[in-house]
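A short write-up of the structure that comes next.
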Amino acid sequence: MKKQLMTIAVALLTAGTLTTSCSSEDNTIDTPQTQQPAGNTITLTATLAPKGDDGGTTRAITTGKDANSKEILNVAWAKDEHIAVYYQKTDDSWATAMATVGTPNGDGSAPFTATLTNAKGGEAKLIYPYSLAQNGELKTGVGSVFRAQDGTIEYISQKLDAATATATIDVNGGTATVTGPVTMQNQVCICKFNFSSISSYDAENYYNITIREKQGSSTTNTYMTTSIAKTSMGAVYMALLGADSKDFRFSVQGMNKSSATDLSGTQMNYYETTSTNVTLTAGKFYRNIPVTLNIPNNGTISGPRSSTVVIQAGGTCTLNGATINVSSGPAIWCDGNATIVLTGTNTVTTSAEGQPAIFIPEGKTLTIRGTGSLTATATGGGAAGIGGGYQGGTSYAGINCGDIIIESGTITATGNAAGIGGGAYGTCGTITINGGTVTATGGQFAAGIGSGYNGTCGNITINGGTVTATGGENAAGIGSGYKGTCGNITISGGTVTATGGEKAAGIGSGYNGTCGNITISSGVTSVEATMGYRAGAPIGYGNNGTCGSISIDGTTSWSAGTATEHFKWTVSTIKDTWGKDVTRWTLTHK
């Protein structure tokens, strides 16, 4: 036998949107403003004036400005949207009916109709949208529809708008009315992310945005992870359901991959909000949740890591037993002036073509200090261990780098280009070593400390420490690489050992290279310079190269092998790696 059917026709009136807004950048929530129309209708509480329907199949969420020029979200009903009505039947069981929204009125109201079966009357629950209703409640599980967000307000409008209400139904024969008014409350929290502080590092092309619930210091639930193309970044909108009064952490992983659904992409930069926890309220709009680099001032990296560490401009990063090994991009990217503090034993390595192990942008300064050790290795073509890189391609362009200062610590830098300094075809700023134990080995055609192949380096200054520098083929130990250029070389303290590659000076210019003036002053403990086979001199110019004036112990009128006021001077002949006779000059303080 068929059950008796009752039809309920109810007018649904909205004074505006189903979302509310918060105050400006401080994330303080605005108080919802409610307008209640008279009459036997269901009233929806809203903060903003309604927007007209744009012809879509859902309520249209758009951005706008309020009277105070704050960004707001505007929402309007649309024809044929569906609302779940959860009501009690005459046998005291509960059932769900689908209500269909009619054509919205000019004032923003919209009628809907629903067919109820054996309705008893009494309290009922209204849930929008119908697809998210389950046993009278709004589903709070994330689901694929949330994970598929693309960061646009349009997607949220079409897929993720949600609200709930309670109402009292009066049944009278074949009709039913609602004792109202009824307040309907938006349940979706919308967050707008500001990515203005994202690194200039451009190897990434997608961002994975992950939102996790926090309880104390533990991450208890991953709400969603979605991938957004870098070209779409800027203002990114994300919707959360079931987020009321919960704490969240937002993190962003820069990725290099072929598409949003590519699961085999390479991890790059990592970002997160500055706050440990961000407490959200359902139905609110947070205009600006800042996303910043994950290494703020005094940040610490420890243990293994397979993605690039980005130090924000002005930041200080402590490496404490860190092992960073990446295959795409630099192991450490400095986004501006930066300081690296060494504690324990640390290793940073990249195998990416043309990428240095540690990169400092042109015009910026990297300072390295501490009591620990650092081994920085770049194996990709044209890349320095610490410094610049090489773009490759037919343009033959380098990745220019800034100034490098080493204050202390034990540093071992090995590059396919310079150990410390420039990449192939690139420029490098000044290099200053004030202390520590520094070992730098250049790759093919690149200096140990100085310029890479066909590259340029600024002034090189050694004020102290123990420095050992070995140039690659046709490159100086300290100075210029093959066909490269460097500025003045000044050694005023410390113990220095420099060995040039074939046709290159130990200290000075490489084969077909140039360097500025060379000054070795009386404060030096010792200098040992060994030239490569067929080079011009251990200190000075390489084969077919040039250099400026050479001052040793305060004079340019010196004679190799003849002691000066403060130095003993020894000239010796040794065998190089290939068994060739090469000349070595050793200056030892008396």
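The values are calculated or read from the model by the stated rules, or taken from the named source; none is laboratory data. Note that the structure is a prediction, hence the values are computed from the model and not measured. Neighbour counts are summed over all protein chains in view; Cβ atoms, including those assigned to glycine, are modelled from backbone coordinates with ideal geometry. Each accessible area value is taken on the protein alone, full model and side chains, heavy atoms only, with ligands, DNA and RNA left out. Shrake-Rupley method; radii C 1.70, N 1.55, O 1.52, S 1.80 Å.
The listed residues M98, M531, once ranked by accessible area (1.4 Å probe) with the largest placed first, stand as M98, M531.
If you plug the beta carbon distance of W578 and A148 into 1/(1 + (r/R0)^6) with R0 = 56 Å, you get a FRET efficiency near 0.35.
Round to a whole number: what % of the accessible area of region 460-526 belongs to carbon and sulfur, probe 1.4 Å? Whole-percent figure for carbon plus sulfur exposure: 40. Across region 300-314, coupling constants 3J(HN,Hα) worked out from phi with the 6.51/-1.76/1.60 Karplus curve, θ = phi - 60°, read 10, 10, 9, x, x, 8, 10, 10, 4, 8, 10, 9, 5, 4, x Hz, and Gly and Pro carry x.
Treating r as the C-beta distance of K89 and N172 and R0 as 22 Å, the FRET efficiency rounds to 0.85. Please turn the phi angles of region 429-446 into ³J(HN,Hα) values with the Karplus equation 6.51 cos²θ - 1.76 cosθ + 1.60 (θ = phi - 60°), one per residue in order, whole Hz, x for glycine and proline. Computed from phi, the couplings for region 429-446 are x, 7, 10, 10, 10, 9, x, x, 10, 10, 10, 10, 10, x, x, 4, 6, 10 Hz.
For region 449-590, the convex hull spanned by the alpha carbon atoms encloses 80 Å³ per residue.
Pull up all non-local amide H partners of G409: gap of 5 or more, or a different chain, and H-to-H distance under 5 Å with H placed in the peptide plane. Those lying under 5 Å, H to H, from G409 are G370, G436, T437. With N the number of residues in region 525-586, Rg(Cα) / (2.2 N^0.38 Å) evaluates to 1.16. Once each part is reduced to its C-alpha centroid, what is the distance from region 387-450 to region 327-379 in angstrom? Answer, in whole Å: 11. Ranked by solvent-accessible area (1.4 Å probe, protein heavy atoms only, all chains present), the residues R584, R534 order from largest to smallest as R534, R584.
Computed from phi, the 3J(HN,Hα) profile of region 562-578 under the Karplus parametrisation 6.51, -1.76, 1.60 (θ = phi - 60°) reads 9, 4, 9, 4, 10, 10, 7, 10, 10, 10, 9, 10, 10, 8, 7, 4, 9 Hz, with x in place of Gly and Pro.
Compared with the direct C-alpha span, the chain from T96 to N135 gains 13.3 nm at full extension, assuming 0.36 nm per residue.
For the pair T430 and S327, what calculated FRET efficiency results from E = 1/(1 + (r/R0)^6), where r is the Cβ-Cβ distance and R0 = 25 Å, to the nearest 0.05?
Rounded to the nearest 0.05, the efficiency is 0.25.
Accessible area per residue for region 393-487, computed on protein heavy atoms with a 1.4 Å probe, is 27 Å². Here the peptides 164-174, 461-471, 363-373 are ranked by packing, the mean other Cβ count within 10 Å, and the order with the highest first is 461-471, 363-373, 164-174.
Carbon-plus-sulfur fraction of the accessible area of region 336-431, 1.4 Å probe, in percent?
Values: 1370 of 2900 Å².
Of the solvent-accessible surface of region 336-431, carbon and sulfur hold 47 percent.
Label zone of K590 (point 7 Å out along Cα→Cβ, amide N under 15 Å): in region 559-583 this covers 559, 561-570.
For region 341-477, what is the per residue volume of the convex hull drawn over the alpha-carbon atoms, in cubic angstrom? Intermediate values should be presented prior to the final figure.
Numbers: hull volume 10.4 nm³, N = 137.
Here the figure is 76 Å³ per residue.
Can you give me the long-range amide H partners of C401? Hydrogens built in the peptide plane at 1.01 Å from N, cutoff under 5 Å, separation of 5 or more residues or another chain. Under 5 Å from the amide H of C401: T427, C428, G429.
Computed extension gain for Y396 through S306, at 0.36 nm per residue and net of the alpha carbon distance, reaches 29.5 nm.
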